[in-house]
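Before any comments, here is the structure.
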Amino acid sequence: MKKPNIIHQYRDYTRRRILFVLMVILIMLAVGVYAVITGAAGISVSDIFRVLSGRGDAISGQIILNIRLPRVLAALLAGLALASSGAVMQSLLRNPLASPFTLGISGAAAFGAAFAIVMSGSLGGSSGTGTDSWIDEQYLVMFSAFVWSMVSTGFILVIAQYRGATPEVMILAGIAIGSLFNAGVSALQYVATDVELAAIVFWMFGDLGRASWDEVVVLSLLLFPILIFFMSKSWSYKALQSGDEFAISLGVRASRVRLTGMLAASLATAVVVSFYGIIAFVGLVVPHIVRRCIGGDDFFLIPASALFGAMFLLLSDTVARTLFSPVILPVGILTSFIGAPLFLFLLLRGMGRGYWS
Amino acid sequence: MEIHLKNIEFSYDRIPVLKGIDARIGKGEFVTLVGPNGSGKSTLIKCLNGILKIRKGAVLLDDHNISTYRSDRLARVMAYVPQSEQKAIPMKVFDAVLLGRKPYISWRPARRDMEVVDEILMRLNLEDVAMKEVQKLSGGQQQRVYIARALAQEPEVLLLDEPTANLDLKHQMEVLDLLRSLTSRGITVIMALHDINLASLYGTRVMMMKEGKIFASGGMEVFTAENIEELYDVKVHMIHENGSVYIIPNRYEIK
Ligand SMILES: Nc1ncnc2c1ncn2[C@@H]1O[C@H](COP(=O)(O)OP(=O)(O)O)[C@@H](O)[C@H]1O
Ligand SMILES: [Mg+2]
């Protein structure tokens, strides 16, 4: 009897996983082009080429370079950050419900933003009088949201350091801290003026309309090192999925790998959230979709989730911009509307069949 | 590789669990740790390869203290098969076994890593399920996958915690036959086993543990009615047949 050649089968499997990644990149590029050409002002594909090669007219140059492109890149980078952080957190916490917000970042960031909005309102008197003060306030809100996110993350990681960096400790501490901050947000909303209240609520809808080149640059400088860090640890993450004790027996320093991984994922999430607000669902659901397609090996799961997340958030944002045009919906609302049915579809289709690869 | 346990003590949160364990285990020995629940078998196994850091005493491998090993170096010498996984890992069998190559891999597995996995899958009769999900295998096959994963580390010492738990009679024997065959390749096998009949059927060497101490240690001669009654607090019948000992608890005479 001829023995099956296992190594060949495995190589084929690896090739299929790489093919999936390439497919996602292709779809992402197509959606990217579509996102640049659609919108209130008409832009054509040839306009893109002309502008990118420096020969376009001023108006389409302005629209493409300063409005559409930063927004497209912001969607890609934010999706990449949220989905890869979600994939890493799900592995590190061995919990399919883990998401970038598991350590309470959404609550903490919302609190930070609300805090800055209420404080600058009461300190600066009439907020929103001049453009300059409005811009200053916007940065203040961003900064406060980021600082509070990292305070909450740091607090949980310190607790974990003392009580043992187990998934249970981190998840429970995250729930506790998250609800504490949510209470804080409610309190701030209660004391806020109508204008401030509106600003707080509006901030909490994730929205890529705030995108500019500055944030895109900061995000790319931060995210690529983090993504490479995740990839370099993917074998350790894979070992941790089978339990801490087993991972230690394979030479993985379990607590340290978990703490540093959570820190990196939280950092990426905190920056995205403070720039663009809370964009739900991407970080939770994209890793699941990808896992269903190519399996749970972190070496492939992390980059594939990152790219899928980028594509998915761009798609959502493009739909959000065009669905009820000229009204633009915040993308945070759309991600759930698109993601939930897609995920349920995959869940039902995959029932009893496992991964399709 | 000789293992020397030197007066090992270990406590969980100040509650002492191992209270001075001394033993020498030679290359290729087949050792079973038996004893009642809570006597410290699992804890001892985890201390042997540094999953738990011992408070006093030392584990020496050919006179080198394991605490001086770099973690991935130690993982190339000693492999650990945990007591049945909390839930089966969401991976294909090949990936699960390839994970055992982690101490040798930095980014991507090399050709040799693939060949080692291939060879082990063949040897353990897992070649037909190599591309299946671990969760979809039977209990006996899953246990073989976990042993295969440990063997992929190319260890000199294999530690197993209750490798026959959750298996039916035939699969228990299959796993133990497999482990026995490893010792003839020079691999030292140390396992916790709570079924004393299986231990007596296979164990070349038995270490009986009670309340964190080695209560008796040796070959078949330690399977005496007195020892077992003392160990488990139950009255037993001993049946000697064809060189094996069968231990039957006497259900009406629990001490
Ligand atoms: N993680 C832990 N924390 C605290 N105590 C533990 C822990 N694991 C085991 N123990 C205690 O240590 C003792 C020995 O347990 P264990 O080594 O699992 O015994 P065995 O494997 O022989 O049944 C038991 O009393 C048990 O309650
Ligand atoms: Mg045990």
ask   = So, in region B:177-193, of the ones that are of a type in the set (A, V, I, L, M) and open to solvent by 10 Å² or more (accessible area, probe 1.4 Å), which residue ends up modelled with the highest pLDDT?
value = B:I187
task = Would you confirm whether any residue within region A:189-198 is without any contact (Cβ under 8 Å) to a residue 40 or more places away in the chain, of a type in the set (F, W, Y) and out of contact with any Pro (no Cβ under 7 Å at 6 or more places or on another chain)?
result = yes
request  = Among residues belonging to region A:16-60 that are out of contact with any Gly (no Cβ under 9 Å at 6 or more places or on another chain) and within 13 Å of chain B (Cβ to nearest Cβ), point out the one that is nearest to B:N125 (Cα to Cα).
outcome  = A:R16
ask   = Of all residues in region B:129-164, which are within 16 Å of ligand 1 (Cβ to nearest atom) and at the interface with another protein chain (Cβ under 9 Å from one of its Cβ atoms)?
value = B:L159
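Inside region B:177-227, can you point out the residues that are closer than 21 Å to B:V77 by Cα and out of contact with any Leu (no Cβ under 6 Å at 6 or more places or on another chain)? So that I can check it myself, show each step before the final result.
Taking region B:177-227 as the starting set, the residues that turn out to be closer than 21 Å to B:V77 by Cα are B:178-192.
B:L178, B:L179, B:R180, B:S181, B:L182, B:T183, B:S184, B:R185, B:G186, B:T188 - these are the residues of region B:177-227 that are closer than 21 Å to B:V77 by Cα and out of contact with any Leu (no Cβ under 6 Å at 6 or more places or on another chain).
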inquiry  = What's the number of the only condition in (1) open to solvent by 30 Å² or more (accessible area, probe 1.4 Å); (2) closer than 15 Å to A:V272 by Cβ that A:L97 fails to meet?
reply    = (2)
inquiry  = For a quick check of your reading of the model, give me the residue pairs whose first member lies in region B:42-66 and is in contact (Cβ under 8 Å) with a residue 40 or more places away in the chain, whose second is of a type in the set (K, R) and within 16 Å of ligand 2 (Cβ to nearest atom), with beta-carbon atoms closer than 8 Å and at least 6 apart or on different chains.
reply    = B:L52/B:K46
query = Any idea which of (1) open to solvent by less than 20 Å² (accessible area, probe 1.4 Å); (2) within 22 Å of A:S91 (Cα to Cα) is the one B:L61 doesn't satisfy?
reply = (2)
query = Out of all the residues in region B:18-58, which are surrounded by fewer than 19 Cβ atoms within 10 Å (Cβ to Cβ) and either within 16 Å of ligand 2 (Cβ to nearest atom) or over 23 Å from B:G186 (Cβ atoms) (or both)?
reply = B:K19, B:G20, B:D22, B:P36, B:N37, B:G38, B:K53, B:R55, B:K56, B:G57, B:A58
request  = Among what's in region A:1-15 and is more than 9 Å from every other protein chain (Cβ to nearest Cβ) and open to solvent by 80 Å² or more (accessible area, probe 1.4 Å), pick the residue that is modelled with the lowest pLDDT.
outcome  = A:M1
task = State which residue is farthest from the chain's Cα centre (by Cα) when the search covers only region B:99-110 and only residues that are more than 8 Å from every other protein chain (Cβ to nearest Cβ) and surrounded by 14 or more Cβ atoms within 10 Å (Cβ to Cβ).
result = B:P109
message = Where the second residue is acidic (D, E) and the first is within 30 Å of B:R185 (Cα to Cα) and lies in region B:1-16, which pairs have Cβ atoms under 7 Å and are six or more apart or on separate chains?
response = B:M1/B:D62; B:M1/B:E156; B:E2/B:D62; B:L5/B:D22; B:K6/B:D22; B:N7/B:D22
remark   = Pairing a residue in region A:156-171 that is touching a residue at least 60 places away in the same chain (Cβ under 8 Å) with any residue that is surrounded by fewer than 16 Cβ atoms within 10 Å (Cβ to Cβ) and outside any helix (DSSP H, G or I), where Cβ atoms lie under 8 Å and the two sit 6 or more apart in sequence or on different chains, gives A:P167/A:N95; A:I171/A:N95
message = Residue pairs, Cβ under 8 Å, 6 or more apart or interchain, first in region A:232-250 and more than 7 Å from chain B (Cβ to nearest Cβ), second part of a loop (DSSP other than H, G, I, E, B). List them.
response = A:S232/B:W107; A:S234/A:D297; A:S236/A:V252; A:L240/A:R94; A:L240/A:V252; A:D244/A:T166
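Given the criterion more than 8 Å from chain A (Cβ to nearest Cβ), modelled with pLDDT of 90 or more and within 16 Å of ligand 1 (Cβ to nearest atom), identify the matching residue among B:L48, B:L60.
Details: B:L60 fails: within 16 Å of ligand 1 (Cβ to nearest atom).
After applying the criteria, what remains is B:L48.
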ask   = B:I196: within 16 Å of ligand 1 (Cβ to nearest atom) and surrounded by 18 or more Cβ atoms within 10 Å (Cβ to Cβ), yes or no?
value = yes
message = Tell me yes or no: at least one residue of region B:80-95 is in contact (Cβ under 8 Å) with a residue 60 or more places away in the chain, at positive phi and within 16 Å of ligand 2 (Cβ to nearest atom).
response = no
inquiry  = If I filter region B:148-162 for residues that are over 25 Å from B:D118 (Cα atoms), of a type in the set (A, V, I, L, M, F, W, C) and either within 16 Å of ligand 2 (Cβ to nearest atom) or at pLDDT 90 or above (or both), do I get at least one hit?
reply    = no
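So which of B:S67, B:S11, B:S39, B:S84 is polar (S, T, N, Q), over 22 Å from B:G203 (Cβ atoms), within 15 Å of ligand 1 (Cβ to nearest atom) and more than 10 Å from every other protein chain (Cβ to nearest Cβ)?
Numbers: B:S67 fails: within 15 Å of ligand 1 (Cβ to nearest atom); B:S39 fails: over 22 Å from B:G203 (Cβ atoms); B:S84 fails: over 22 Å from B:G203 (Cβ atoms).
The unique qualifying residue is B:S11.
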inquiry  = For the condition open to solvent by 30 Å² or more (accessible area, probe 1.4 Å), modelled with pLDDT of 90 or more and not polar (S, T, N, Q), what is the one hit in A:V33, A:V45, A:V72?
reply    = A:V33
query = For A:W148, which of the numbered conditions (1) closer than 19 Å to A:S186 by Cα; (2) modelled with pLDDT of 90 or more; (3) exposed (fewer than 14 other Cβ atoms within 10 Å of the Cβ) fails to hold?
reply = (3)
inquiry  = Need a quick list: helices (runs of 4 or more DSSP H) entirely within region A:217-336 having at least 1 residues that are open to solvent by 10 Å² or more (accessible area, probe 1.4 Å) and over 17 Å from B:I89 (Cβ atoms).
reply    = A:254-276, A:282-294, A:298-322
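Please specify each residue of region A:190-210 satisfying the condition of being more than 26 Å from A:S316 (Cβ to Cβ) and crowded, with 16+ Cβ neighbours inside 10 Å.
Start the filter on region A:190-210 by keeping residues that are more than 26 Å from A:S316 (Cβ to Cβ), which leaves A:190-197.
The answer is A:A192, A:E196, A:L197.
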message = Let me spell it out: the conditions are (1) surrounded by fewer than 20 Cβ atoms within 10 Å (Cβ to Cβ); (2) facing chain A (nearest Cβ under 7 Å); (3) aliphatic (A, V, I, L, M), and B:L124 meets all of them except one. Which number is the exception?
response = (2)
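The values are calculated or read from the model by the stated rules, or taken from the named source; none is laboratory data. Small disclaimer: the values here were computed from a predicted structure and weren't measured. For neighbour counting, all protein chains shown are included, and Cβ atoms are generated from backbone atoms with ideal geometry for every residue, glycine included. Keep in mind that these areas ignore ligands, DNA and RNA; they rest on the heavy atoms of the full protein, side chains included. Shrake-Rupley method; radii C 1.70, N 1.55, O 1.52, S 1.80 Å.
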